[in-house]
Amino acid sequence: MPPLPVPAAVPLSYYLILSAVLFALGVAGFLFRRSLITVFMSIELMLNAVNLTFVAFSYQHKQVDGHLFTFFVMVVAAAEAAVGLAIILTVYKNRGTLAVDEIDSLKL
Amino acid sequence: MDAILFFLFAAIAVVSAINVVVQRHPISSALSLVGVMGSLAVLYLLLGAEFIAAAQMIVYAGAIMVLFVFVIMLLNTGAEQSSRKGKVLTIVAMPLLVIFLGVVSYIIQRGFPDSPLVKFGEFTGGGPKDVGMALFTRYLLPFEVTSVLILIAIIGAVVLARKEME
């Protein structure tokens, strides 16, 4: 049996498509999940997908700028995680649930 | 070799991401998310982003996910109950997501018909030295602004999480 023809390298567009797939999965988690923490993790997944796009374009242009954007996204994600998890703790303390369809005080 | 590494870790990333979405228990989702972030770090290395790969492991897989796991274990909410949000959302959103994915893939294929092959070691401008040089010259102002952002985040987290004074 001949070995499978494996290409030596993949084109950059594969990285972009992978990042689109990860982003779509993040959106799916954001829409379909009910737990506040899982929704929050889906947002992190989307941020990671965007980071991969930045680094891939940075490779294409042979410039370091995309890496810096990724760096700043990481900083913002860390700050967001700290504040968001504090909000989640407070919500759970006050309402005793994390289901997003039961936290609807702002609904008319 | 590059292609094998790409396909291996892309597959791990996609499978872990699917696992994040379908798992019922938040702790399983969190551990799958660590898998996504680890395989993305390998892909960053393949793209020549050494510093970002290290930062991904330390900041994302290390710090942020530990925070998530901490909160999940602290709250101990258990598995998610089945959704009452109805089937309408699933019926409407699922085809829209598939269409989104198809359109994006089409645009990428049309927009980059001859995108360059990714060869490990071809782009070496992503080490700590290069990132640091750019960060402290051209991007000095955004860098300083992030310190203010982090300060605000610290104060916000402390204010939100402190005990209520009666």
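The values are calculated or read from the model by the stated rules, or taken from the named source; none is laboratory data. Predicted model, so just to flag it, every value in this text is computed and none were measured. Because the Cβ atoms are built from the backbone with ideal geometry, glycine has one as well, and the counts that use them run over all protein chains shown.
Worth pointing out:
- Residue match in the stretch A:86-94 (condition: at the interface with chain B (Cβ under 7 Å from one of its Cβ atoms), more than 23 Å from B:Leu33 (Cα to Cα), surrounded by fewer than 20 Cβ atoms within 10 Å (Cβ to Cβ) and not polar (S, T, N, Q)): no
For every residue, the table says whether it meets (1) surrounded by fewer than 24 Cβ atoms within 10 Å (Cβ to Cβ); (2) touching a strand residue (DSSP E or B) at 6+ places or on another chain (Cβ under 7 Å); (3) within 7 Å of chain B (Cβ to nearest Cβ); (4) of a type in the set (Phe, Trp, Tyr).
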| position | (1), (2), (3), (4) |
| --- | --- |
| A:Arg34 | yes, yes, yes, no |
| A:Met41 | no, no, yes, no |
| A:Val75 | yes, no, yes, no |
| A:Glu80 | yes, no, no, no |
| A:Val83 | yes, no, yes, no |
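- Screening A:Gly66 with (1) surrounded by 21 or more Cβ atoms within 10 Å (Cβ to Cβ); (2) touching a residue at least 24 places away in the same chain (Cβ under 8 Å); (3) more than 7 Å from chain B (Cβ to nearest Cβ) gives one miss only, at (2).
- Residue check for A:Phe71: in a helix (DSSP H, G or I), modelled with pLDDT of 90 or more and more than 7 Å from every other protein chain (Cβ to nearest Cβ): no
- Single residue of the stretch A:1-21 satisfying the filter (part of a loop (DSSP other than H, G, I, E, B) and at the interface with another protein chain (Cβ under 7 Å from one of its Cβ atoms)) that is modelled with the lowest pLDDT: A:Val6
- The residues of the stretch B:131-160 that are crowded, with 16+ Cβ neighbours inside 10 Å, over 22 Å from the mean Cα position of the chain (by Cα) and at pLDDT below 90 amount to a single one, B:Leu160.
- If you go through the stretch B:33-52 and keep only what is within 9 Å of another protein chain (Cβ to nearest Cβ) and small (Gly, Ala, Ser), you end up with B:Gly48, B:Ala49.
- One residue from B:Pro128, B:Pro95, B:Pro113 being loosely packed, with under 15 Cβ neighbours inside 10 Å, more than 7 Å from chain A (Cβ to nearest Cβ) and closer than 22 Å to B:Val15 by Cα: B:Pro95
- Test: residue in the stretch B:80-87 that is under 22 Å from the mean Cα position of the chain (by Cα), closer than 30 Å to A:Val100 by Cα and without any contact (Cβ under 8 Å) to a residue 60 or more places away in the chain: no
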